[in-house]
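Worksheet: the structure to be examined is printed underneath.
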Amino acid sequence: MSTAAAAPRRTPVCIIGAGPAGLLLARLLRLSGIESVVLERRSREHVARRVRAGLLEQGTVQTLRTAGVGARLDREGLEHHGFRWRLPDGSAHRMPFAELCGASVWMYGQQEVVKDLLAAHTAEQSLYFGVEDVRIAELRPDGALVRCTLDGRLTEIACDFVAGCDGFHGVSRPAVPAGELTGHRLDHPVAWLGVLAAAPPLSPELIYAVSDRGFALQSMRSPTVSRLYLSVPPGEGVDHRTDAEIRQELDRRLTGGAGTLPTGPILERVLVPLRSFVAEPMQYRRLFLVGDAAHIVPPSAAKGLNLAVADARLLAEALDGWYAHGRRELLDGYSATALRRAWQGQEFSAAMTALLHPTPQESAFDRRLRGARFERLLSSTAEATAFAEQYTGLARR
């Protein structure tokens, strides 16, 4: 394989990362007539099958429709108008968020969003997988230079802008010089053990179950495939429990041990640490951080993918304003606008995490506070409406 240096390539925008944020940004730019190069470290197959979030806010769904990739979502996605609480006393209550604020959410896996974006990719777009040596070599006030190996040749990509869509562990954020960026991090004292099961969901709507044994979530990917989560100690390994033990604990938390939880083969396990992170600012010179490269949230409120889509939409609009009209105010204001939304998502995610997770370390006072919060949500229309606006994303528009 040749390693001879190639002549520098030129593109308006270099996008690092081909997850949903990077692929959506490339798609939106293409619709505006702006060319880009997308570089992804992982293989195409890995990206397409990587299972992540599955709850899409109404604004996210509308963005995907605008991008021309919403047809399959509209056919196969499960629109939800409410969810169910199961409280420590065993009582069940419905949160009718669509009635409260007029917005729905959709259950449609992140990997399905990625598949739809890949299917919309056209041959003339530059999309590379398996690029393991991406490096942001220069960040100047008027442009940037990215180096990597493409088709066996060392390549320099000269661009006007770099979009860092490569996640928390990517190369984009570390490319910002020391002292130019501040990271805020919070590690929550709990983790989630998630399983994908070939079994119908217990309920057609999500169930958030809070008990003295811990938290459990019943979600779904289809009418025949369930996505289920248990809160576990953060040091517990993904294989610490047998399939039978997982099913038994899910049944205890979701049904009170009634034995009514549908069973089926467990197809996949994943251990998810609950942590929060925000990098400020989200731009440095011509580098813009998008999605998990700039912020991560615990999965308690399912905001990660939705925040990433909002970032991609915002950056696409800013770049369109620059190339179409020579306007830079949206670019200059990208970080402030994205951070305002990100911190709103962080606040709600942290509040949901605290509400849902009794821990062995908490006091009787903490448990009473949780009970008071639930009482307000169930008795006050104003409290429930504010919660619904946060849950569906309306509060961040």
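Summary table below
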{"quantity": "GLN125 paired with ARG328, simple spin-label distance in nm, labels 7 Å along Cα-to-beta-carbon", "calculated": "2.8 nm"}
{"quantity": "Net dipole in debye of the stretch 277-397 [+1 Lys, Arg Cβ; -1 Asp, Glu Cβ; about Cα centre; nearest 20]", "calculated": "40 debye"}
{"quantity": "Length-normalised contact order for the stretch 41-174 - Cα pairs under 8 Å, 6+ apart - percent", "calculated": "23 percent"}
{"quantity": "Nearest-20 debye value, the chain charge dipole, Cβ charges on Lys, Arg, Asp, Glu", "calculated": "80 debye"}
{"quantity": "Theoretical ellipticity at 222 nm over the chain - DSSP helices of four or more residues, -39500 (n - 2.57) apiece, nearest 500", "calculated": "-10500 deg cm²/dmol"}
{"quantity": "GluC sites (Glu not before Pro) within the stretch 144-239: DSSP coil, no more than 16 neighbouring Cβ in 10 Å", "calculated": "GLU180, GLU236"}
{"quantity": "For the stretch 239-249, 3J(HN,Hα) per residue [Karplus equation, 6.51 cos²θ - 1.76 cosθ + 1.60, θ = phi - 60°, Hz, x = Gly/Pro]", "calculated": "9, 5, 10, 6, 4, 5, 5, 5, 4, 5, 5"}
{"quantity": "Size of charge dipole - the stretch 17-128 - debye, nearest 20, with Cβ of Lys, Arg +1 and Asp, Glu -1, no other charges", "calculated": "300 debye"}
{"quantity": "Added length on full extension, which subtracts the Cα-Cα distance from 0.36 nm per residue, HIS46 to LEU154", "calculated": "36.5 nm"}
{"quantity": "Cα convex hull of the chain, projected area averaged across orientations, nm²", "calculated": "20.6 nm²"}
{"quantity": "The chain - percent relative contact order, Cα under 8 Å, separation 6 or more", "calculated": "20 percent"}
{"quantity": "Fully extended contour minus Cα-Cα distance, from THR381 to VAL238, at 0.36 nm per residue", "calculated": "47.5 nm"}
{"quantity": "Free-standing Cys, the chain [no other Cys Cβ under 4.7 Å]", "calculated": "CYS101, CYS148, CYS165"}
{"quantity": "Peptides 344-350, 312-318 ordered by average Cβ neighbours within 10 Å, highest first", "calculated": "312-318, 344-350"}
{"quantity": "Neighbour-count order for GLU389, GLU245, fewest beta carbons within 10 angstrom listed first", "calculated": "GLU245, GLU389"}
{"quantity": "Fewest-first sequence of TYR128, TYR208, TYR108 by Cβ atoms within 10 Å of each Cβ", "calculated": "TYR128, TYR208, TYR108"}
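Throughout, read-outs are computed from the coordinates displayed, never taken from laboratory work. None of these values were measured; they are calculated from a predicted model. Note: ideal-geometry Cβ built from the backbone for every residue, glycine included; neighbour counts use all protein chains shown.
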